[in-house]
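*Asks:* Input: one structure, supplied below.
The values are calculated or read from the model by the stated rules, or taken from the named source; none is laboratory data. Fair warning: this is a prediction, and the values are worked out from it, not measured in the lab. With ideal geometry, Cβ positions are generated from the backbone for all residues, glycine too; neighbour counts draw on all protein chains shown.
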Amino acid sequence: MQELLEGNANIMFSAPHCVDHFREGKKKVKETNTGTIVKELNKIKNVPAIYKTKSEFEDANWDKESKYKEECKEYILKNNVKYFIDIHGMNYEREEDICIGTAYGRNILNREDILAIIVEQFKEYGYKNVSIDVPFNALNKNCVSSYVSRECKIPAFQIEINNKYRFPLCKEYNLENIIKCFESIIDKLQTI
């Protein structure tokens with residue numbers, strides 16, 4: 001099950017892994033605070049946001065069929081959303097602070113200008129190691145960002161945030177900084 005929070009901005013945020021989920025029958029642990037990020041952005045910047053509220057023994061970012069993806073598509077097409085950002089988490093042991101999955105430009109419709117803005121904002125907010133498509137490229141056609149880009153013809157980014165910034169017991173934890181960074185990204189993208 002998922003909840004969709006409406007908004008009036010032209011950017012939609014998503015967090016499909018904020019609850020435990022199942023990929024090919026195996027349980028995968030939730031990605032801490034990804035749902036919190038999209039809910040806070042909805043409150044602060046009035047962006048539309050969707051996030052999982054309960055596991056349905058599926059993985060919206062892996063399975064071919066997904067009510068979650070269908071709901072994203074329906075909302076985007078009805079509300080003239082121009083950009084889509086799908087928030088995920090990666091293990092704290094990874095060297096990357098942030099990984100932006102674009103399917104080598106395909107999912108973002110080769111909009112390198114938008115990608116540059118997003119990368120610049122992450123670096124401005126102190127995230128030094130920002131990678132593109134490594135280790136997560138969002139190339140799988142069933143990824144939420146790949147599906148949204150293909151079905152809605154808009155740039156769709158999969159953004160992986162290192163767990164050390166999202167998990168309260170890590171010394172680098174700073175959810176407020178992540179949210180402020182996304183606020184800045186929203187402000188920049190609202191102007192183009």
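*Asks:* Kindly list, by first and then second residue, each pair from a residue in region 164-183 that is in a helix (DSSP H, G or I) to a residue that is surrounded by fewer than 16 Cβ atoms within 10 Å (Cβ to Cβ) and among the charged types (D, E, K, R), limited to pairs with Cβ atoms under 7 Å and residues at least 6 apart or on different chains.
*Replies:* Close Cβ pairs (under 7 Å, with a partner that is surrounded by fewer than 16 Cβ atoms within 10 Å (Cβ to Cβ) and among the charged types (D, E, K, R)) amount to Lys164/Glu172; Tyr165/Glu172.
*Asks:* Going residue by residue through region 98-113, is there one that turns out to be closer than 21 Å to Cys18 by Cα, at pLDDT 95 or above and more than 13 Å from the chain's Cα centre (by Cα)?
*Replies:* no
*Asks:* While we're on this one: How many residues does region 127-163 hold that are buried (at least 18 other Cβ atoms within 10 Å of the Cβ) and touching a residue at least 60 places away in the same chain (Cβ under 8 Å)?
*Replies:* Of the residues in that region, 17 qualify.
*Asks:* Sticking with this one: May I ask you to list the residues in region 77-115 that are of a type in the set (Lys, Arg) and either crowded, with 16+ Cβ neighbours inside 10 Å or part of a loop (DSSP other than H, G, I, E, B) (or both)?
*Replies:* First pass over region 77-115, keeping only residues of a type in the set (Lys, Arg): 78, 82, 94, 106, 111.
Residues satisfying the conditions are Lys82, Arg94, Arg106, Arg111.
*Asks:* Here's another thing I want to ask about it. Within region 81-95, work out how many residues are more than 15 Å from Glu172 (Cα to Cα) and in contact with a Cys (Cβ under 9 Å, 6 or more places away or on another chain). Before the answer, list the steps.
*Replies:* We begin by selecting, within region 81-95, every residue more than 15 Å from Glu172 (Cα to Cα); these are 81-88.
Checking which are in contact with a Cys (Cβ under 9 Å, 6 or more places away or on another chain) leaves us with 81, 84, 86-88.
Going through region 81-95 one residue at a time, the tally reaches 5.
*Asks:* So Asp187 ticks every box in (1) acidic (Asp, Glu); (2) within 20 Å of Ile76 (Cα to Cα); (3) in a loop (DSSP other than H, G, I, E, B) but one. Which box is left unticked?
*Replies:* Of (1) acidic (Asp, Glu); (2) within 20 Å of Ile76 (Cα to Cα); (3) in a loop (DSSP other than H, G, I, E, B), only one is false for Asp187: (3).
*Asks:* Whether any residue in region 118-125 is assigned to a loop (DSSP other than H, G, I, E, B) and closer than 22 Å to Tyr75 by Cβ is what I want to check. Spell out the reasoning first.
*Replies:* Pass one, region 118-125, residues assigned to a loop (DSSP other than H, G, I, E, B): 125.
Keeping just the survivors that are closer than 22 Å to Tyr75 by Cβ gives none.
The answer is no, given that none of the residues of region 118-125 is assigned to a loop (DSSP other than H, G, I, E, B) and closer than 22 Å to Tyr75 by Cβ.
*Asks:* Looking only at region 14-49, how many residues end up being at pLDDT 95 or above and hydrophobic (A, V, I, L, M, F, W, C)?
*Replies:* 7
*Asks:* Moving on to the next point. Any residue in region 146-158 that is among the polar types (S, T, N, Q) and over 16 Å from Phe182 (Cα atoms)? Before the answer, list the steps.
*Replies:* Narrowing region 146-158 to residues among the polar types (S, T, N, Q): 146, 149, 158.
Subset that is over 16 Å from Phe182 (Cα atoms): 146, 149.
Checked region 146-158: at least one residue is among the polar types (S, T, N, Q) and over 16 Å from Phe182 (Cα atoms).
*Asks:* Is it true that Lys52 is more than 20 Å from Ser184 (Cα to Cα), among the basic types (Lys, Arg) and in contact with a strand residue (DSSP E or B) (Cβ under 8 Å, 6 or more places away or on another chain)? Write out each step before concluding.
*Replies:* Numbers: more than 20 Å from Ser184 (Cα to Cα): yes; among the basic types (Lys, Arg): yes; in contact with a strand residue (DSSP E or B) (Cβ under 8 Å, 6 or more places away or on another chain): yes.
So Lys52 fits the description; yes.
*Asks:* Mind checking which residues of region 37-93 are without any contact (Cβ under 8 Å) to a residue 40 or more places away in the chain, within 12 Å of Pro16 (Cβ to Cβ) and of a type outside the set (Ser, Thr, Tyr)?
*Replies:* Listed by number, the list holds a single entry, Glu58.
*Asks:* To continue, here is another question. Quick one: would you say Glu31 is farther than 28 Å from Thr191 by Cβ and either of a type in the set (S, T, N, Q) or loosely packed, with under 14 Cβ neighbours inside 10 Å (or both)?
*Replies:* Criteria not met by Glu31.
*Asks:* Against the definition (within 17 Å of the chain's Cα centre (by Cα) and closer than 13 Å to Asn61 by Cβ), how does Ser146 come out, yes or no?
*Replies:* Values: within 17 Å of the chain's Cα centre (by Cα): yes; closer than 13 Å to Asn61 by Cβ: yes.
It is true that Ser146 is within 17 Å of the chain's Cα centre (by Cα) and closer than 13 Å to Asn61 by Cβ.
*Asks:* Consider Ala116 carefully, then state whether it is out of contact with any Gly (no Cβ under 6 Å at 6 or more places or on another chain) and of a type outside the set (Phe, Trp, Tyr). Write out each step before concluding.
*Replies:* Numbers: out of contact with any Gly (no Cβ under 6 Å at 6 or more places or on another chain): yes; of a type outside the set (Phe, Trp, Tyr): yes.
In short, yes.
*Asks:* So Tyr104 ticks every box in (1) among the hydroxyl-bearing types (Ser, Thr, Tyr); (2) in contact (Cβ under 8 Å) with a residue 40 or more places away in the chain; (3) at positive phi but one. Which box is left unticked?
*Replies:* So the condition that Tyr104 fails would be (2).
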